[in-house]
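The values are calculated or read from the model by the stated rules, or taken from the named source; none is laboratory data. Predicted, not measured: the structure shown is a model, and the values here were computed from it. Neighbour counts are summed over all protein chains in view; Cβ atoms, including those assigned to glycine, are modelled from backbone coordinates with ideal geometry. Please note that ligands, DNA and RNA were not included when accessible areas were found on the heavy atoms of the full protein model with its side chains. Shrake-Rupley method; radii C 1.70, N 1.55, O 1.52, S 1.80 Å.
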Amino acid sequence: MAEKTFPLDKDKLEKLAETYPTPFYLYDEKAIRENARRMQKAFSCFPAYKEHFAVKALPNPYILKILADEGFGADCSSLPELLLADMAGMKGEELMFTANETPAAEYRKARELGAVINLDDISHIEFLENCAGVPELVSCRYNPGPLKEGNAIIGKPEEAKYGFTREQLLEGYAMLKAKGAKRFGLHTMVASNELSLAYHVETARLLFELALEIFDKTGIRLEFINLGGGLGIPYRPEQEAVRWEALTGGIKRVYDELIAGSPLYPLAIHTEYGRPVTGPYGWLVARAIHRKNIYRSYIGLDACMADLMRPALYGAYHHITVAGKENAPPEETYDIVGSLCENNDKFAVQRKLPKIVTGEKSGDLVIIHDAGAHGRAMGFNYNGKLRCGELLFREDGSVLRIRRPETTDDYFATLDLRGLDEFS
Ligand SMILES: *Cc1c(COP(=O)(O)O)cnc(C)c1O
């Protein structure tokens, strides 16, 4: 069972909402740091390890600074993400650049920052050479195709647009070597939010076997294997988290079997987890402002799917609790909804919850759990919705605002209004 907790009691949360009106995200620094340390400790069984936090999961430089302080680098998929990681003090090979359909300007920036470029396709070797030059250290992304089953969020590898085929990889490394590359990495990312331990261990086996095949056929000795992201978290209370030691124990057994006694030793292990790093340690807090009873009972929040899109996008489950009513009996059945003019703007459908009081000021505070990754970051402005801000609950109990809410000025900022009055 995954325990669903929140770091502040109702009184403290109400006080916080006086300073920072709802909705907002709250992240727990202590919990993020403790988890990062557990992770580092578990992966220390490998001769060399580096986690590159997937910036897209929580693109805030304060969070990135915390993670940098814990020894993590960053995995960036775009130029702005590279800039965010740079802002947080992550430099050179601490940065992994895993993009696809990558524009030349982004390759140039990645090269300028000394990031490890992870190529998505064999044709990008020449593209990179022409726009930024081939670096000494380069990585390639593998798509195992029919060799690996995908899962619902990311789809089947065979149908996924990412990566090189096996044959292309062998050819690609040889091409890169001929063009001056001297150090090489191999990467894959074949699933998303996958809670099966065996799945991740099998992915590692596939990559270790491939690394050995690459050595046999090309003489290229890979320096690292990046196992990607995709490790799931227990969004539902009845699910179990994958324990870090269980994961690393499983991967280490395969490593010992295939790599430890091979010429590839000491092959480094890299990961680029996002979700399991911050996901469980962030919450979206909103106030229940409206209630309507038609064919169902609806509770309307002051947050909407512009703030957290996963339920609408994937039908994803997010656990919901009501501040101060954690132990109250779930005697009502509600759809918990936002204000977007889309009927899928529902944080929960037919959810059993304690009776919720509504009102602009006096309404209950509703806590949406496991929103610390792919939460605020996925937000958008459709329907003129302004995204909420982000707060950091510090280790000393203080709260720091790390992003203000959007304003109408932000929303209008990209419009060029200078010619509007004369326009007809
Ligand atoms: C999204 C992504 C990740 C992070 O995935 P999580 O599910 O958040 O761990 C890592 N690597 C790449 C290439 C990604 O696209």
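Could you list all residues from region 174-189 that are in contact (Cβ under 8 Å) with a residue 60 or more places away in the chain and within 10 Å of the ligand (Cβ to nearest atom)?
Those that are in contact (Cβ under 8 Å) with a residue 60 or more places away in the chain and within 10 Å of the ligand (Cβ to nearest atom): HIS187, MET189.
Could you tell me which of the residues SER139, SER192 is within 13 Å of the ligand (Cβ to nearest atom), modelled with pLDDT of 95 or more, assigned by TED's automatic domain parsing to the domain that holds GLU81 and open to solvent by less than 60 Å² (accessible area, probe 1.4 Å)?
Testing whether each residue is within 13 Å of the ligand (Cβ to nearest atom), modelled with pLDDT of 95 or more, assigned by TED's automatic domain parsing to the domain that holds GLU81 and open to solvent by less than 60 Å² (accessible area, probe 1.4 Å) leaves just SER139.
Among the residues of region 9-31, is there at least one that is in contact with a Ser or Thr (Cβ under 9 Å, 6 or more places away or on another chain), farther than 15 Å from GLY397 by Cβ, in contact (Cβ under 8 Å) with a residue 60 or more places away in the chain and open to solvent by less than 80 Å² (accessible area, probe 1.4 Å)?
Scanning region 9-31 turns up no residue that is in contact with a Ser or Thr (Cβ under 9 Å, 6 or more places away or on another chain), farther than 15 Å from GLY397 by Cβ, in contact (Cβ under 8 Å) with a residue 60 or more places away in the chain and open to solvent by less than 80 Å² (accessible area, probe 1.4 Å).
Look through region 270-292, keep the residues that are under 16 Å from ALA36 (Cα atoms) and not in a helix (DSSP H, G or I), and return whichever of them is nearest to the chain's Cα centre (by Cα).
Applying the filter and picking the extreme gives GLY274.
Considering each residue of region 122-134, count those that are under 27 Å from the mean Cα position of the chain (by Cα) and assigned to a loop (DSSP other than H, G, I, E, B), and give that number.
1
Taking the criterion of being touching a residue at least 12 places away in the same chain (Cβ under 8 Å) and more than 24 Å from SER297 (Cα to Cα), would at least one residue in region 361-370 satisfy it?
Yes: region 361-370 contains one or more residues that are touching a residue at least 12 places away in the same chain (Cβ under 8 Å) and more than 24 Å from SER297 (Cα to Cα).
Given the conditions (1) open to solvent by 100 Å² or more (accessible area, probe 1.4 Å); (2) under 22 Å from the mean Cα position of the chain (by Cα); (3) of a type outside the set (Lys, Arg), which single one is not true for THR414?
(2)
Which pairs do you get when a residue that is on the phi < 0 side of the Ramachandran plot, found in region 371-398, comes within reach of a residue that is of a type in the set (Ser, Thr, Tyr) and within 14 Å of the ligand (Cβ to nearest atom), reach meaning Cβ atoms under 7 angstrom, with the pair 6+ apart or on two chains?
If the second residue must be of a type in the set (Ser, Thr, Tyr) and within 14 Å of the ligand (Cβ to nearest atom), the pairs left are GLY372/THR278; GLY372/TYR281; ALA373/THR278.
Take PHE6 and tell me if it is modelled with pLDDT of 95 or more, surrounded by 15 or more Cβ atoms within 10 Å (Cβ to Cβ) and farther than 20 Å from ILE269 by Cα.
For PHE6, the condition - modelled with pLDDT of 95 or more, surrounded by 15 or more Cβ atoms within 10 Å (Cβ to Cβ) and farther than 20 Å from ILE269 by Cα - is met.
Can you name the residue in region 251-283 that is open to solvent by 20 Å² or more (accessible area, probe 1.4 Å), touching a Phe, Trp or Tyr at 6+ places or on another chain (Cβ under 7 Å) and over 17 Å from HIS200 (Cβ atoms) and, of all such residues, is farthest from the ligand (Cβ to nearest atom)?
In this case the residue turns out to be PRO263.
Being open to solvent by 10 Å² or more (accessible area, probe 1.4 Å) and within 13 Å of the ligand (Cβ to nearest atom) is the filter here; which residues of region 371-383 pass it?
HIS374, ALA377, MET378
Looking only at region 247-269, count how many residues are within 21 Å of the chain's Cα centre (by Cα) and either assigned to a helix (DSSP H, G or I) or among the polar types (S, T, N, Q) (or both).
Here the count works out to 2.
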